[in-house]
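Participant: Quick one: structure below, then a few questions.
The values are calculated or read from the model by the stated rules, or taken from the named source; none is laboratory data. All figures in this text were calculated on a predicted structure; none of them were measured in a lab. Here the Cβ positions follow ideal geometry from the backbone for every residue, glycine too, while neighbour counts run over all protein chains shown.
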C-alpha cells in the first residue's frame, strides 16, 4: 500500500467505525486477528500502514469488505471533522502561526471540533509569512483608523476651529493678510515665528518629505531642483503644523493619521487663510459662481489642496454640504469625504480606500472628456448630485482625478451648474445584462493596461476571482457589444 494513494487517517476511522458497530473492544478484535491491542490502536489513529493481509483479516472479523475499510468517504460526520482537522494541522498554517497540535480525542466535544475546523477553513488557501500577516494587520488597522477619522470629519463638517485660530494668529504675527499666495519671505518668517530656520539641501532621504533637527531647530527640505516652490511651501507648512499644534510622538496608527490630517489642515489654512478666502468665496456664492479653479489660481495651490480647503469652509461657513473624492484613472478611491449624503462604494467594514466608483461617475467620465473641468449631474441610489472633476498631474506618470460635488439642489451656487450632462449611476440602471455576460465571458480576452507596480497597483476587477485582475470586465463586454456587426 502507498501513503500517496490511501489516507491512513481515514483507514483508521473506518476500522474504528466498523469495530464499534460490531461492539468489539481493541483487545477482543486483537485476539480475533492475532494482533495486540496496541497495534490496532496505532492503526486506528492513522500512525501505521496496514498490510493487505491484515486488512483482509480485519474485514473478515468486522463483517465488512476490504473496500469498505479503504473507502475515502468518512464513515460519520464526526470522523469527517477529525480527518479535516488532521489535514489542516498538517498544513503550513499551523507552523506559520506556531499553533500547538490538538488531538481530537474522546474528551473533545463535537462542538469544539466544529469550531476548530471552522477557524481553519476561514484561513486563506495559501499561507503567508509573518511579515505578510503583520502587513495585513497593519492594513486592517489603517482602514479602521481611516473610517474612524472620516466619521469624525463628517461630524465636524471637516472644520477645526482650533487650527483656524492657530493659523490666523501666526499669519497676523508675520503680517500676511491673505491677499494672494504667500511669498517665500512669508514662509521664512512663519518658520522663524515658531523658532525654526529652513535649509534646502541635496541628498534628502527618499522616504522623507522633510527632516527636522529639533535641537538646532532646522527644517531640511530638498533643493529647488528637486522640489518646486509650490510644493516646498506645502512641505514646510505641513512640517511646521506638527510643532504649531504641539504634536507629540504618535502612539498608534490612528494618532499618526490624525496628526497628518491636522498638519495638512494647518498648511491649507495658512496657504488659503479663512478670513480672506471667505470674503472672496461669499461674493462668488452670491453670484452663483463658486469655483475650485479660482481658489487654486488665487492662492497658487494644487487643485486638490484648493478642493480640500473648500471642504473645510463649505458647510461650516458657506452653508453648503459637499463631497470630495480623489481617484486614480481606473476610478479607485484613494481619498474621500462627504457630508452631503453621497454614498461611496465601501467594503464590508465601511472602508473606502481601494474601492472603485462606477463608470458613470464624474471621477471616471473625466478621463474621456475633452474639457479641462468636467461637470455633470449624476443620479445615484442616494439621490442626484452635481460635481466638477479635474485631472491633476495630467501630463505626468501618476495623474489622478479630484472631484468636488454637492446635492443637485445646491448646484446653483457653483460655476458649471448649467451643464446638461446627466448620467445615471443607480443600481438598476448600471446592472450588467446577463445575456451580454453570457455572450462574452468565454470569448473576451482583455490585456490589462500597463502599470508601474504590477502587483500593488492593479485594482480589483470584482470581489470574486477574475482571470483579468485590474480590468473592468463588464466595461470590456459593453465595448465588445458596441463593436458587433449591425450595431
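Participant: Taking residue 81, is it in contact (Cβ under 8 Å) with a residue 24 or more places away in the chain, in the same structural domain as residue 110 (by TED's automatic domain parsing) and over 23 Å from residue 114 (Cβ atoms)? Spell out how you get there, then give the answer.
Facilitator: Numbers: in contact (Cβ under 8 Å) with a residue 24 or more places away in the chain: yes; in the same structural domain as residue 110 (by TED's automatic domain parsing): yes; over 23 Å from residue 114 (Cβ atoms): no.
Spelling it out, it is not the case that residue 81 is in contact (Cβ under 8 Å) with a residue 24 or more places away in the chain, in the same structural domain as residue 110 (by TED's automatic domain parsing) and over 23 Å from residue 114 (Cβ atoms).
Participant: Something else about it: How many residues are assigned to a loop (DSSP other than H, G, I, E, B) and either surrounded by 22 or more Cβ atoms within 10 Å (Cβ to Cβ) or at pLDDT below 95 (or both) when one looks only at segment 303-319?
Facilitator: Step one: of segment 303-319, the residues assigned to a loop (DSSP other than H, G, I, E, B) are 319.
After this cut, where a residue has to be either surrounded by 22 or more Cβ atoms within 10 Å (Cβ to Cβ) or at pLDDT below 95 (or both) as well, the list is none.
Qualifying residue count for the region: 0.
Participant: Enumerate the helices (runs of 4 or more DSSP H) found wholly within segment 352-444, keeping only those where 2 or more residues are under 24 Å from the mean Cα position of the chain (by Cα). Write out each step before concluding.
Facilitator: Values: elements: 362-365, 427-430, 434-440.
It comes to 362-365, 427-430.
Participant: Exactly one condition in (1) touching a helix residue (DSSP H, G or I) at 6+ places or on another chain (Cβ under 8 Å); (2) under 21 Å from residue 171 (Cα atoms); (3) in a loop (DSSP other than H, G, I, E, B) is not met by residue 270; state its number.
Facilitator: Every listed condition holds for residue 270 apart from (3).
Participant: What is the residue count in segment 91-120 for residues that are out of contact with any helix residue (DSSP H, G or I) (no Cβ under 7 Å at 6 or more places or on another chain), part of a loop (DSSP other than H, G, I, E, B) and under 28 Å from residue 21 (Cβ atoms)?
Facilitator: 6
Participant: I would also like to ask the following. Being on the phi < 0 side of the Ramachandran plot and buried (at least 20 other Cβ atoms within 10 Å of the Cβ) is true for just one of 401, 368, 346. Which residue is that? Full working, then the answer.
Facilitator: Working: 368 fails: buried (at least 20 other Cβ atoms within 10 Å of the Cβ); 346 fails: buried (at least 20 other Cβ atoms within 10 Å of the Cβ).
Criteria check complete, one pass: 401.
Participant: Regarding segment 271-290, can at least one residue be identified that is in contact with a strand residue (DSSP E or B) (Cβ under 6 Å, 6 or more places away or on another chain) and either at pLDDT 95 or above or within 28 Å of residue 414 (Cβ to Cβ) (or both)? Working first, answer last.
Facilitator: Keep residues of segment 271-290 that are in contact with a strand residue (DSSP E or B) (Cβ under 6 Å, 6 or more places away or on another chain), which gives 284, 290.
Narrowing further to those that are either at pLDDT 95 or above or within 28 Å of residue 414 (Cβ to Cβ) (or both): 284, 290.
So far as segment 271-290 goes, yes, one or more of its residues are in contact with a strand residue (DSSP E or B) (Cβ under 6 Å, 6 or more places away or on another chain) and either at pLDDT 95 or above or within 28 Å of residue 414 (Cβ to Cβ) (or both).
Participant: Which residues, counting only those in segment 281-295, are without any contact (Cβ under 8 Å) to a residue 24 or more places away in the chain, within 26 Å of residue 169 (Cβ to Cβ) and surrounded by fewer than 16 Cβ atoms within 10 Å (Cβ to Cβ)?
Facilitator: Hit for segment 281-295 is 283, nothing else.
Participant: Test of understanding: among 395, 334, which residue is surrounded by fewer than 16 Cβ atoms within 10 Å (Cβ to Cβ) and in contact with a strand residue (DSSP E or B) (Cβ under 7 Å, 6 or more places away or on another chain)?
Facilitator: Details: 395 fails: in contact with a strand residue (DSSP E or B) (Cβ under 7 Å, 6 or more places away or on another chain).
Only one candidate passes the filter, namely 334.
Participant: What residue, of 229, 236, is touching a strand residue (DSSP E or B) at 6+ places or on another chain (Cβ under 7 Å) and under 27 Å from residue 281 (Cβ atoms)? Can you show your working first?
Facilitator: Numbers: 229 fails: touching a strand residue (DSSP E or B) at 6+ places or on another chain (Cβ under 7 Å).
Of the residues listed, the single one that is touching a strand residue (DSSP E or B) at 6+ places or on another chain (Cβ under 7 Å) and under 27 Å from residue 281 (Cβ atoms) is 236.
Participant: Please go through (1) surrounded by fewer than 22 Cβ atoms within 10 Å (Cβ to Cβ); (2) modelled with pLDDT of 95 or more for residue 389 and return the number of the only condition it doesn't satisfy.
Facilitator: It is condition (1) that residue 389 fails.
Participant: Among the residues of segment 214-228, is there at least one that is at negative phi, at pLDDT below 90, surrounded by fewer than 13 Cβ atoms within 10 Å (Cβ to Cβ) and touching a helix residue (DSSP H, G or I) at 6+ places or on another chain (Cβ under 8 Å)?
Facilitator: Yes, some residue in segment 214-228 is at negative phi, at pLDDT below 90, surrounded by fewer than 13 Cβ atoms within 10 Å (Cβ to Cβ) and touching a helix residue (DSSP H, G or I) at 6+ places or on another chain (Cβ under 8 Å).
Participant: Any chance you could count how many residues in segment 19-54 are in contact with a helix residue (DSSP H, G or I) (Cβ under 7 Å, 6 or more places away or on another chain) and in contact (Cβ under 8 Å) with a residue 24 or more places away in the chain?
Facilitator: 12
Participant: Does segment 310-338 hold any residues that are within 21 Å of the chain's Cα centre (by Cα) and under 19 Å from residue 157 (Cα atoms), and which are they? Please lay out each step first, then the result.
Facilitator: We begin by selecting, within segment 310-338, every residue within 21 Å of the chain's Cα centre (by Cα); these are 323-338.
Those that are within 21 Å of the chain's Cα centre (by Cα) and under 19 Å from residue 157 (Cα atoms): 323, 324, 325, 326, 335, 336, 337, 338.
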